[in-house]
Structures are given as structure tokens and as C-alpha cells.
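The values are calculated or read from the model by the stated rules, or taken from the named source; none is laboratory data. The shown structure was predicted, so the numbers you read here are calculated from the model rather than taken from an experiment. Glycine also receives a Cβ, built like all others from the backbone with ideal geometry; neighbour counts cover every protein chain displayed.
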Ligand code: ADP
């Protein structure tokens, strides 16, 4: 539809220049355009009305466009040109027929032009969306325009004048603003949700009296769901009076410097009407600045750390208490150790001191008995024998106490060597056989491998065995049996030998199995039995066994007898 604007028959200069007035581009183009090739005919033939309208249009600074005649031939001014963009529509539009030119929007504007041309009156269209082909593509373009009928000289409607303003920029600007506002509102809602549901408490206080503007759920919970928004701080939470918070807030506003406090104590009523209670909070008060940079209030946020503070104080208190208890226990232990040492030293000294006179008693009784001091009758012999028996018994007891005291003070020396088990068992048997016979018991010593040796102090080992055998004799009734045996565990990582003393005696109840190894413990299973001994034998024996790297244990049932097992490291063969 491009029109050739070259002029074959230029209009008569005076008429054309009186209609196409001025130096504008479009005046120039109109002057040069061959109007005779259009249905408008040469300018000289134009009606007054058309001439006046066109010259007004060309002189106007408002974008204007004119469709004239039944073919709606087009004219427009310089200010209308930008509406065509850079796609070659200008200057093709000049002199073109409306319907052939505006194919892209004819559906929309055709009926409007018809309406005006057929006498319907002027139309007004605000921010009308009329996408047009511009700059080589369909562009979204908005217009505010009016179509006005222009009367011809004969009073009929000769054309439609478009006075328009492209509003694309404003409309797009408004659309952008609208979507920005929508986004802002979404962001604001999101921020409000975050603010409201934040686990830490948040409140905004504004103005010189710090009126609550906003408070989130956590803040409401902190202050017992009181009605605070819209009320000054000290009016909403009167218990804060005198606690110094208003001074801190005033400082933050005055200096525009945030205040950060850790575990700040605050007396707060947790439910309305109740007495304030001690709480602790980590808080940050930030100045709320307006656009001009003035502090217009405070944002208070923080966390209620009461539980943590209390827990920490409990831990600190418990630590201090346990430290005290530890120091007390340490002192008690030191005291007990000192007392024990003193007792052992005392026993050692006393036993030693007692042995000298006892030995003298024994010695003089023996001299008398031998008749060295003169003749002794039968009666006196018997008495002297009793004195000697008692003296030996007492000496035995004292020796045991002395042994134990020595063990306790740690002054016992161990002379460890390879000791042949068979020899030890035979020696022990020989030592106790008189008592076994006297008590009407049977002692069976099992055979043991000839080369089997233990690592032990031979004297201490003998002492343990004699003690175990003496107990077996003491606690087994006439006719009973005692077995002395040994068993080696050669294959073990640390090979051992266990020597066992088994009797068929009275046995030991389960609850006493441990305590009999305590010093000075005797179990009076048979109340008719006269308890002999000190209750030290097993304590000494276990100490000795353990000191030689071994152990001493017992298995027993009341009425069925007992088995004491002494285990010692085996000597390498
Ligand atoms: P004591 O000098 O009194 O024998 P011990 O320490 O040797 O002291 O023994 C402690 C207690 O263990 C004994 O008084 C006795 O009650 C119990 N006891 C020890 N050996 C036997 C045993 N073979 N049978 C039963 N009871 C025993």
C-alpha cells in the first residue's frame, strides 16, 4: 500500500502553501504530495472546511490525524509521527486509505470511525489498548484519543479528526507500579507473618512515650497477653516503672545507637493481675529511623532466656556443691587413712610389747614345770600345762594382730621365688595333722605334679594354707573330711595354679561370703561353738594372696561345707 510521494503534478504554489502552512516536515510533504491521485483530488478542489482543518492540523503541536472523504484518505502532523515508530509506516500513511492502511487494528477502529462518520457524534477513548505493527513487530500501545466529526462546507460530515495522545509510557508505568505494589503487599504480608511468628519477641515502640505500635505473638506471651498496642510502655506494663528500661530506650533514641543486653533481669507479670516475677532476657533495642534519619522510636527484639539462666545457675550451684562434697570426702579419706595408720602403728607397737611379757610367762611356766624351782605335784603340772596352752593361744592371737598391722602399714617384705606346690602341701599337712587327728577328722591331700611351681613367698604361702586348713578343722564337726588339692591352668594367657581347701563343715551363708574377708569378722553360725580366733585370718590371707599377684575366693553352702580357692601365678617350667 506504499504510496509514491514523488510529485508528478505539483499543486499550484499559492493554494498549496496557504493550506499546507509552515516549515514542518508534514507541511512540506503535503505540499509535495500529488493529491490529485487520491479521491480528495487536487488541493485547489478541496472544500474550505477540508483546507481549514488540514491547515489547523499541520499547525497544531498536539498529535493529530485526519480521515477525509468516503475512502478516509489520511493526513497527519509532525507530532503524530512518533506513533508510527521506525518501521516505515511513516510517510507511507500520508494520502493512504484508512481501511487499507490500518489493517492491523481496523476491527477496533473501523466501527468507531463509522460511528462518527454516520453522525453518531464524537467519541472519547481513554488509555485504549491498540497494539500496532511498529518497529518491525507488534507492539502494545495505549492511546487516549477522541474521534470528532468534521463538517464539510455543505454541513455533511466530511471526515473524522483524531486528536490523540499516546499514553503507552504512562500506562506501562502504572501497570509496573501496580505490580510493584502487589509484590510489595505480598512481601509485606510475608514480613508480617515472619514478624508475628518469629520465635524471638519483637515490638515496635514509637514517640517520646514509647507507644506500642506492633508486637508479635512471642512478645504477647512474654507479657501475659495484655492489651498493649496503642498504649505507652509504662502504662501498658506498669511493673517496668523504676526498672530503668525507659532510661535505656531514651538513650537509644538520643544517641541513635542500639543497646544490646545479655540475660537482663526484668520483673514481669506473666498473667494480668498477678505479682511480677523474675525473668531474664537477651534484648536488642534498635533506634527506628525515619526517612530524614531521625529516631522516631525503638524496635525491641530478643529472647526470654529465663530457663537457660536458671539451668546454668543450677549447674553452677551443683558444681560448687559437688566440689565441696569432693573436698569433704577427700578430707574424710585423709582423716580415715591417718586414723588407720595410727591404729596399725599402735597395734604393731602393742603386739610387740605384749609378746615380751607373754614369752616370759611361757618361759617361767616351762621352768616351773621342769621342776627346776622345786618338786611339782600332779595338780600343779596340770595347772602349768593350762597356763602354757593359754600362753600359746594368746601368743598366736597377738602374732596374728601383729601380722595384720604390718600388712596395713605396708611394711611386709615379700621374698618371691619358684615354690614347689607338692612340697608346700606336704608341709602344711604335717603342720595341721595333730589337730586333724585330735578333732577326729580325715585330711586327704591329692597328688600334684612333681614339677608344678608357683611364684610366691614360701613362708606367706604356708601361712595362708595353714590358716585355711585351721579354719576347715575349726568349722567341721567330728567325722568330717577335708580335701587339699591343686589344679593348674597352664594354657591360659597368664597360667595359674589354684590350691583348694574343701571341708564338709558347717558352711557359710550366702550373705556372709564377702564379709568374712573383712578384718575382725566372725560368723557365729553355731552359737554353742566357742569362737576361737580374731577374725583376722582370712583378711590377712587375702591381702597376702593379692600382694603376690593372686586371689583368694570362697564357695560355700550352709550345712554342706566350704571350698576356699587360692590362686597364684604359675612359675615357668
Ligand atoms: P577366725 O580367726 O575367726 O577364724 P577368719 O578370718 O579366719 O577368722 O574367719 C572369719 C570367719 O569366717 C570365721 O569366724 C567363720 O565364721 C568363717 N569361716 C572361715 N572359714 C570357714 C570354714 N571353713 N567353714 C565355715 N566358716 C568359716
Q. Which residues, taken from segment 474-486, are away from the ligand (no atom under 11 Å from the Cβ), over 19 Å from residue 544 (Cα atoms) and buried (at least 18 other Cβ atoms within 10 Å of the Cβ)?
A. 484
Q) Could you list, in sequence order, the residues of segment 209-223 that are touching a strand residue (DSSP E or B) at 6+ places or on another chain (Cβ under 8 Å) and either surrounded by 22 or more Cβ atoms within 10 Å (Cβ to Cβ) or within 18 Å of residue 271 (Cα to Cα) (or both)? A) 210, 212, 215, 216, 218, 219, 221, 222, 223
Q.
Contact list please: Cβ distance under 6 Å, first residue in segment 549-563 and within 13 Å of residue 461 (Cβ to Cβ), second residue in a strand (DSSP E or B) and more than 11 Å from the ligand (Cβ to nearest atom), pairs at least six apart or on different chains.
A. 549/569; 550/567; 550/568; 552/566
Q: Would you mind stating whether residue 489 is surrounded by 12 or more Cβ atoms within 10 Å (Cβ to Cβ), more than 9 Å from the ligand (Cβ to nearest atom) and modelled with pLDDT under 90?
A: yes
Q) Which of the residues spanning segment 27-52 are assigned to a helix (DSSP H, G or I), surrounded by fewer than 21 Cβ atoms within 10 Å (Cβ to Cβ) and in contact (Cβ under 8 Å) with a residue 12 or more places away in the chain? A) 29, 31, 32, 36, 37, 44, 48, 49, 51
(Q) Which numbered condition in (1) in a helix (DSSP H, G or I); (2) within 16 Å of the ligand (Cβ to nearest atom) is the only one that residue 461 fails? (A) (2)
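One line per residue, one yes/no per condition, for (1) at pLDDT 95 or above; (2) in contact with a helix residue (DSSP H, G or I) (Cβ under 8 Å, 6 or more places away or on another chain); (3) surrounded by 14 or more Cβ atoms within 10 Å (Cβ to Cβ):
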residue	(1), (2), (3)
67	yes, yes, yes
71	yes, yes, yes
82	no, no, no
95	yes, yes, yes
137	no, no, no
142	no, yes, yes
161	yes, yes, yes
Q.
Yes or no: segment 419-427 includes at least one residue that is within 27 Å of residue 478 (Cβ to Cβ) and out of contact with any helix residue (DSSP H, G or I) (no Cβ under 8 Å at 6 or more places or on another chain).
A. yes
Q) So which residues in segment 504-524 are part of a loop (DSSP other than H, G, I, E, B) and without any contact (Cβ under 8 Å) to a residue 40 or more places away in the chain? A) 514, 518, 520, 521, 522, 523, 524
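Please tell me if residue 565 is more than 10 Å from the ligand (Cβ to nearest atom), outside any loop (DSSP other than H, G, I, E, B) and either modelled with pLDDT of 90 or more or under 58 Å from the mean Cα position of the chain (by Cα) (or both).
It is true that residue 565 is more than 10 Å from the ligand (Cβ to nearest atom), outside any loop (DSSP other than H, G, I, E, B) and either modelled with pLDDT of 90 or more or under 58 Å from the mean Cα position of the chain (by Cα) (or both).
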(Q) Looking at segment 103-127 only, could you name the residues that are touching a helix residue (DSSP H, G or I) at 6+ places or on another chain (Cβ under 8 Å) and assigned to a strand (DSSP E or B)? (A) 123, 125, 127
Q.
I'm trying to understand the selection: among the residues of segment 534-562, which are within 9 Å of the ligand (Cβ to nearest atom) and assigned to a strand (DSSP E or B)?
A. 554, 556, 561, 562
**Q.** Residue among 466, 501 that alone is in contact (Cβ under 8 Å) with a residue 40 or more places away in the chain, touching a helix residue (DSSP H, G or I) at 6+ places or on another chain (Cβ under 6 Å) and within 12 Å of the ligand (Cβ to nearest atom)
**A.** 501
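A quick yes/no check of all residues on (1) closer than 30 Å to residue 403 by Cβ; (2) surrounded by fewer than 10 Cβ atoms within 10 Å (Cβ to Cβ):
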| residue | (1), (2) |
| --- | --- |
| 278 | no, no |
| 293 | no, yes |
| 328 | no, no |
| 340 | yes, no |
**Q.** Flag if residue 359 is touching a residue at least 40 places away in the same chain (Cβ under 8 Å) and either within 30 Å of residue 221 (Cβ to Cβ) or in a helix (DSSP H, G or I) (or both)
**A.** no
Q. Any residue at all in segment 446-460 that is free of Cβ contacts under 8 Å to residues at least 40 places away in the same chain and under 27 Å from residue 519 (Cβ atoms)?
A. no
Q.
Out of the residues in segment 1-26 meeting the condition of being more than 18 Å from residue 41 (Cβ to Cβ) and outside any helix (DSSP H, G or I), tell me which one is modelled with the highest pLDDT.
A. 24
Q: Go over the candidates 309, 315 one by one and state the one that is closer than 30 Å to residue 199 by Cβ and surrounded by 12 or more Cβ atoms within 10 Å (Cβ to Cβ).
A: 309
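One line per residue, one yes/no per condition, for (1) assigned to a strand (DSSP E or B); (2) surrounded by fewer than 19 Cβ atoms within 10 Å (Cβ to Cβ); (3) out of contact with any strand residue (DSSP E or B) (no Cβ under 9 Å at 6 or more places or on another chain):
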position	(1), (2), (3)
381	no, yes, yes
389	no, yes, yes
396	no, yes, yes
403	no, no, yes
413	no, yes, no
440	no, yes, yes
444	yes, yes, no
448	no, no, no
472	no, no, no
Q | In segment 84-93, residue surrounded by the most Cβ atoms within 10 Å (Cβ to Cβ) [restricted to those that are in contact with a strand residue (DSSP E or B) (Cβ under 8 Å, 6 or more places away or on another chain) and not in a loop (DSSP other than H, G, I, E, B)] | A | 89
Q: Kindly indicate whether residue 417 is part of a helix (DSSP H, G or I) and more than 16 Å from the ligand (Cβ to nearest atom).
A: no
Q. On the given criteria, is residue 203 within 29 Å of residue 312 (Cα to Cα) and in contact (Cβ under 8 Å) with a residue 12 or more places away in the chain?
A. yes
